[in-house]
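Undergrad: First the structure, which I've put down as structure tokens, then a few questions once you've had a look.
The values are calculated or read from the model by the stated rules, or taken from the named source; none is laboratory data. Remember, it's a predicted structure, so these values are computed and weren't measured experimentally. Here the Cβ positions follow ideal geometry from the backbone for every residue, glycine too, while neighbour counts run over all protein chains shown. For the accessible areas, the whole protein counts, side chains as well, though only heavy atoms, and no ligand, DNA or RNA atoms are used. Shrake-Rupley method; radii C 1.70, N 1.55, O 1.52, S 1.80 Å.
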Amino acid sequence: KEEVAKLQELEKSFSNPKKQELLEDIRKIAESPLNDLNEQAHRVRMLRSNWQSLGHAGDEQEEELNTEFDGLCETAFAPCREHYKLLEDERNENLEAKKLILQQLNAIVENLNTSEVSNWRELESMFVKLTRMWRETGLIDREKVSEMNKQYQDATSPIKQAINQHHKDNEQQKLRLLAEAEKIAAQEIDVQDKSEQLKQLQGKWQKVGFAGKNQDQKLWNAFRA
């Protein structure tokens, strides 16, 4: 019992003085919040953890210190709570924006499955726009990232495949036109007739869509030559 009493006295001797030091620390950031509110929240949590680790003096002064400390913690954390609320609202808005983008991507997939594309240039332009919007949309809740990314991959994969196949088809058409142009250019015929035939091929070329970024310009340079 004597040893326990000594330990209790020892605890009293350092608990309240140390709490008064922590009280000054929390008062500083309560009265003058940090510019970085994430750091502010971290400081509040650390000071509260340190406070709780000091044990109990078991006297009236401790009760007063605890009450004052709790009040200052609430004051110091208030701007953080508002900050986190704004971030949560922003993440929810970003989630809704991503859902709208997914709706539009899935509408493109549905059109690809049910009908032929009447304007590939417009489809590709819309796809590029939607993928850029997805990248530029801000953060969402961490636990929803994987699910949303999977939905995005599921929606964009068939569109990419369709566009790539369309580019390959265009590439084959342009290769055939290039072969015809080379054949005509090599023929010993009237210049006027040769010119007219090449113009007709050029008209056909202009009706063929994009053949992919790695091939289109090369094919055009060869055809133009």
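Listed here are the residues, each with its yes/no results for (1) in contact with a helix residue (DSSP H, G or I) (Cβ under 6 Å, 6 or more places away or on another chain); (2) modelled with pLDDT under 95.
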{"residue": "Lys99", "(1), (2)": "no, no"}
{"residue": "Gln103", "(1), (2)": "no, no"}
{"residue": "Glu110", "(1), (2)": "no, yes"}
{"residue": "Ser118", "(1), (2)": "no, yes"}
{"residue": "Asp141", "(1), (2)": "yes, yes"}
{"residue": "Asn149", "(1), (2)": "no, no"}
{"residue": "Tyr152", "(1), (2)": "no, no"}
{"residue": "Pro158", "(1), (2)": "yes, no"}
{"residue": "Asn170", "(1), (2)": "no, yes"}
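Undergrad: Only residues that are closer than 12 Å to Ala78 by Cα and open to solvent by less than 40 Å² (accessible area, probe 1.4 Å): list them for region 26-36, please.
TA: Ile29, Ala30
Undergrad: Sticking with this structure for a sec: Find the residue count for region 119-134, including only residues that are free of Cβ contacts under 8 Å to residues at least 12 places away in the same chain and β-branched (Val, Ile, Thr).
TA: 1
Undergrad: (1) out of contact with any Ser or Thr (no Cβ under 8 Å at 6 or more places or on another chain); (2) surrounded by 12 or more Cβ atoms within 10 Å (Cβ to Cβ); (3) more than 30 Å from Pro33 (Cα to Cα): which one isn't true of Thr131, the others all being true?
TA: Tallying (1) out of contact with any Ser or Thr (no Cβ under 8 Å at 6 or more places or on another chain); (2) surrounded by 12 or more Cβ atoms within 10 Å (Cβ to Cβ); (3) more than 30 Å from Pro33 (Cα to Cα), Thr131 fails exactly one: (1).
Undergrad: Okay, moving on. Tell me, please, whether a residue that is of a type in the set (Asp, Glu) and surrounded by 10 or more Cβ atoms within 10 Å (Cβ to Cβ) can be found in region 149-157.
TA: Scanning region 149-157 turns up at least one residue that is of a type in the set (Asp, Glu) and surrounded by 10 or more Cβ atoms within 10 Å (Cβ to Cβ).
Undergrad: Quickly run through region 159-194 and pick out the residues that are open to solvent by less than 80 Å² (accessible area, probe 1.4 Å), of a type in the set (S, T, N, Q) and over 16 Å from Glu116 (Cα atoms).
TA: If the condition is that a residue be open to solvent by less than 80 Å² (accessible area, probe 1.4 Å), of a type in the set (S, T, N, Q) and over 16 Å from Glu116 (Cα atoms), then Gln173, Gln187 are the ones that fit.
Undergrad: Taking Glu116 as the residue in question, decide whether it is of a type in the set (Asp, Glu) and either without any contact (Cβ under 8 Å) to a residue 60 or more places away in the chain or open to solvent by 50 Å² or more (accessible area, probe 1.4 Å) (or both).
TA: In short, yes.
Undergrad: Could I ask something else about it? Restricting the search to region 38-78, which residues are in a helix (DSSP H, G or I) and open to solvent by less than 40 Å² (accessible area, probe 1.4 Å)?
TA: Correct list: Gln40, Ala41, Val44, Leu47, Trp51, Glu62, Leu65, Phe69, Gly71, Leu72, Cys73, Ala76.
Undergrad: List the helices (runs of 4 or more DSSP H) inside region 124-225, counting only whole elements, that have at least 2 residues being within 30 Å of Ile101 (Cα to Cα) and touching a Gly at 6+ places or on another chain (Cβ under 6 Å).
TA: By residue number, 142-186.
Undergrad: So Gln215 clears everything in (1) of a type in the set (S, T, N, Q); (2) exposed (fewer than 11 other Cβ atoms within 10 Å of the Cβ); (3) farther than 30 Å from Asp89 by Cβ except one condition, right? Which one?
TA: Exception for Gln215: condition (2).
Undergrad: Filter region 195-212 down to the residues that are free of Cβ contacts under 8 Å to residues at least 12 places away in the same chain and more than 26 Å from Lys168 (Cβ to Cβ), then identify the one that is least open to solvent (accessible area, probe 1.4 Å).
TA: Ser195
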